[in-house]
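Have a look at the structure below before the remarks.
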2 protein chains.
Amino acid sequence: MSRNQKLSKELVRGTTSLIVLSVLRREDLYGYQIIRTLETLSEDVFSLNEGTLYPILHSLEKEGYLTCRWEETDSARKRKYYHITEKGIRELERQKAQWEVYQGAVSKILGGAGHAFA
Amino acid sequence: MSRNQKLSKELVRGTTSLIVLSVLRREDLYGYQIIRTLETLSEDVFSLNEGTLYPILHSLEKEGYLTCRWEETDSARKRKYYHITEKGIRELERQKAQWEVYQGAVSKILGGAGHAFA
DNA sequence: ATATTATACATAGATAAACGATGTATCGTT
DNA sequence: AACGATACATCGTTTATCTATGTATAATAT
């Protein structure tokens with residue numbers, strides 16, 4: 001039985017980077033803001049820990065999917081804004097396509113005959 | 001910011017037990033058959049390792065979601081059929097509902113404004 | 001005045017789901 | 001006779017995410 005579709009495990013386990021890349025495509029955001037934005041957009045379904053997000057941002061940057069810059073605020077506090085690169089957009093599209101495949105497969109199995117909707 | 005929805009991590013990481021329970025709701029199957037069935041239903045998107053499935057079956061059985069029985073074949077080979085219990089069906093419905101929530105949240109974020117479909 | 005919470009960054013050790021490798025044994029095909 | 005498919009099982013490794021912890025500033029509550 002051939003393994004033509006071979007879904008990458010990163011996706012199954014980690015929709016996190018997909019989601020992060022996705023919000024950064026809309027606009028540049030800083031770390032803390034990404035967490036709050038995701039909470040709002042997902043109506044509190046997603047609530048990334050800082051300990052989860054920051055390492056992901058670092059690794060996405062390292063791989064060239066994101067760039068970052070420091071920005072001053074009115075106060076002494078600094079914010080690190082992240083910006084998605086062209087390479088990052090391509091990666092986003094790739095992960096998004098895989099998500100569709102994965103999601104579709106789950107639906108296919110869950111929606112399969114054998115029980116009503118009630 | 002209240003955490004009213006608190007999505008269980010088991011789901012994010014593991015749709016596996018959801019999927020297994022789901023196919024077993026349709027009919028009793030034995031382990032090896034579950035793997036092949038999932039490959040067929042998902043058009044090769046899912047391809048569980050035996051080393052992944054068997055421990056899951058054991059743990060689902062231990063938790064009372066499944067029962068099992070040995071069946072003889074025409075040959076000397078034996079098959080261990082799994083059957084979903086009432087408790088298992090309730091667990092399935094619970095996990096399925098969570099999947100809908102999760103899936104919806106991802107879609108909401110991915111489908112968000114800011115880019116066309118092309 | 002001062003304690004607590006929110007903002008804002010960061011890292012490091014623990015957890016646990018899934019993987020890969022390995023093992024046993026039977027059966028069918030080449 | 002060799003090999004791949006069937007059919008079960010376990011164990012050590014990997015790694016994404018979590019929890020805990022740390023630093024520091026700003027705002028709010030007691």
Legend entry - Using a Förster distance of 41 Å, the FRET efficiency for residue A:36-residue B:77 (Cβ separation, nearest 0.05): 0.10
Inset, instruction - Calculate, for segment A:14-110, the solvent-accessible area per residue in square angstrom, rolling a 1.4 angstrom probe over the heavy atoms of the protein chains. - result: 50 Å²
Inset, instruction - List the distances, in nm and shortest first, from the label point of residue B:36 to the matching label points in every other copy, placing each point 7 Å from Cα along the Cα-to-Cβ direction. - result: 5.6
Inset, instruction - Mind pulling the per residue volume of the convex hull built on the Cα atoms of segment A:23-88? Å³ is fine. - result: 96 Å³
Legend entry - At most 13 other Cβ within 10 Å, DSSP loop - trypsin sites (Lys or Arg not before Pro), segment A:29-101: A:77
Legend entry - Selection of chymotrypsin sites (Phe, Trp or Tyr not before Pro), segment A:27-118, meeting DSSP coil and at most 13 other Cβ within 10 Å: A:117
Inset, instruction - Taking each label point as 7 Å beyond Cα in the direction of the beta carbon, state the distances from residue A:70 to the same residue in the other copies, shortest first, in nm. - result: 6.9
Inset, instruction - Summarise the accessible area of segment B:13-107 (1.4 Å probe, protein heavy atoms) by the percent that is carbon and sulfur. - result: 47 percent
Inset, instruction - Please go through the residue pairs A:78/B:108; A:96/B:108; A:62/A:87; A:108/B:96 and name each one whose alpha carbons sit more than 19 Å apart in this structure. - result: A:78/B:108
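The values are calculated or read from the model by the stated rules, or taken from the named source; none is laboratory data. These numbers come from a predicted model, not from an experiment. So basically every Cβ, Gly included, is an ideal-geometry build from the backbone, and we count neighbours across all protein chains shown. Protein only, heavy atoms only, side chains kept; ligands, DNA and RNA dropped before computing areas. Shrake-Rupley method; radii C 1.70, N 1.55, O 1.52, S 1.80 Å.
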